[in-house]
Structures are given as structure tokens and as C-alpha cells.
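Reviewing the structure listed below.
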Amino acid sequence: LHTADHLVAWLLEELPAGTALVIVADHGQVETGDNVIEPHKQVLANTSVQSGEGRFRWLHARPGRAGALYESARLHHDAHAWVRTRDEVLDEQWFGPKVSEELAVRLGDVCLVAKGTVAFHDPADTGPFRLIGRHGSLTAAEMLVPLLVGLAR
């Protein structure tokens, strides 16, 4: 952050007077620290593979186990995540009113969308991850898009 602060100060000095410097992010962040949850063993028993990221984890069901995956995920992770099926996410238009079939088929069967300051672990993720901040969920802090505006003098 120190380097970024210096860069912004330098840019404001170099820009012509009256020029606005606008800095915007694509999402906010949540500090998760070491609050990483291992999906429960019953959830993993019904999961063939995970995708997504720690705060919006998609679970792809083993053949014939989508219902059991959803029920076990709700039972074990409802306190820490919004647990939804792919159909619920699409029906509730989380990705907008129209989702291409190309995208829809890539989604898992069930998602764990983190509440609070947790993330869900996937052992297939490359790492190690020692991230302080993460993003990807639907909390206010993550959906609030930071915007900074400075005016050159």
C-alpha cells in the first residue's frame, strides 16, 4: 500500500492541474486470515471435484448424488455459507437475467457462498495460500466497489 500511495501522489503531481485521477476496483475485500473451513467429510463424500474460489466454492456432485450433496452441505455449512443449488442460483438470477448454456454447464451442482469472514478449502488449490483478504462472496464489504478520486493541483 505504501508503494501505491507514493504512485498516486506522484501521478497527481505530474498530471495537469484540474485533471481527475480516478481509481476503481472491481470488488471489495474481506479479511479472512486463517478462517479457512474444510468442507465436512459427508459433503466431500458426495463431491467429485470443487471449483470456484474459497469464498464462492462450487461443489460438483458425484454421479447421482446431487441431492445428497445439497442436503449434507446445508446440514453442515448453513451457518457459514449461503448454500444453493445451481438451479436456485440461476433462478434467483445471481449472474443476471440470462446465462448462456456455455456458462451454466460449467457451474457445480451446489455452491457454498461464504458468510462472515471465512473461506472454504479445496485441497486441489495450488498454494500455500497466506491471503489476508479474499473476495468472491455476496457480503456488503465484497460487493461495495472502492472508488478513489483525486484532483491534480
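Laboratory data are not the source of any read-out in this text; all were calculated from the coordinates shown. Everything numeric in this text was worked out from a predicted model, so none of it was measured. For neighbour counting, all protein chains shown are included, and Cβ atoms are generated from backbone atoms with ideal geometry for every residue, glycine included.
Annotations
- Average Cα contact separation per residue, segment 35-126, under 8 Å, 6 or more apart, as relative contact order %: 42
- Footprinting exposure proxy for Leu107, Leu147 (fewest neighbouring C-beta atoms within 10 Å first): Leu147, Leu107
- In segment 35-112, the GluC sites (Glu not before Pro) that fall in loop regions by DSSP, at most 15 other Cβ within 10 Å: Glu92
- For the chain, a Gaussian network of Cα nodes joined below 10 Å ranks Trp58, Trp94, Trp82 by mean-square fluctuation, and the top entry is Trp94.
- Here the Gaussian network model covers the chain, with springs between Cα atoms less than 10 Å apart; of Arg106, Arg55, Arg65, Arg106 fluctuates the most.
- Compared with the dominant principal axis of the Cα atoms in the chain, helix 2-14 is inclined by about 40°.
- Panel order for Ser100, Ser51, by other beta carbons found within 10 Å of each beta carbon, from fewest to most: Ser100, Ser51.
- Over all other residues within a Cβ to Cβ distance under 12 Å of Leu138, the charged ones net out to +1, with Lys and Arg as +1 and Asp and Glu as -1.
- Here r is the Cβ-Cβ distance between Val22 and His2 and R0 is 22 Å; the resulting FRET efficiency, rounded to 0.05, is 0.55.
- Taking the C-alpha atoms only, the angle from helix 66-77 to the longest principal axis of the chain is near 60 degrees.
- Of all DSSP bridge pairs formed entirely within the chain, close to 90 percent run antiparallel.
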